[in-house]
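Colleague: I have a structure I would like to understand better, so I am pasting it below and will then ask my questions one at a time.
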Amino acid sequence: MSSDRDAEIARRAYTLWVEEGMPAGRELAHWLQAEAELAAPSAPTKPKAVRKTKTK
């Protein structure tokens, strides 16, 4: 892994840790969750609504 990638995972893991109230002993779980989140493809954007035209 690159050091940039590790730094990105570390930042996300830290955020997860803080959001959970800084529990002790969850370092690996936070790291793995951050790694999985960053590896997952981004959610696709919602398609724009298409107007249907009435045919007479």
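The values are calculated or read from the model by the stated rules, or taken from the named source; none is laboratory data. Source: prediction; values computed, not measured. A quick note on method: Cβ atoms are made from the backbone with ideal geometry, for glycine too, and the neighbour counts reach across all protein chains shown.
Colleague: Restricting to region 23-37, name every residue that is in a helix (DSSP H, G or I), out of contact with any helix residue (DSSP H, G or I) (no Cβ under 6 Å at 6 or more places or on another chain) and hydrophobic (A, V, I, L, M, F, W, C).
Modeller: Leu28, Ala29, Leu32, Ala36
Colleague: Just to check your reading of the model, which residue among Ala49, Ala40, Ala29 is out of contact with any Ser or Thr (no Cβ under 7 Å at 6 or more places or on another chain) and modelled with pLDDT of 95 or more?
Modeller: Unique residue meeting the criteria: Ala29.
Colleague: Could you please tell me which pairs satisfy a Cβ distance under 9 Å, a separation of 6+ or placement on different chains, a first residue in region 1-12 that is of a type in the set (A, V, I, L, M, F, W, C), and a second residue that is surrounded by fewer than 10 Cβ atoms within 10 Å (Cβ to Cβ)?
Modeller: Ile9/Met1
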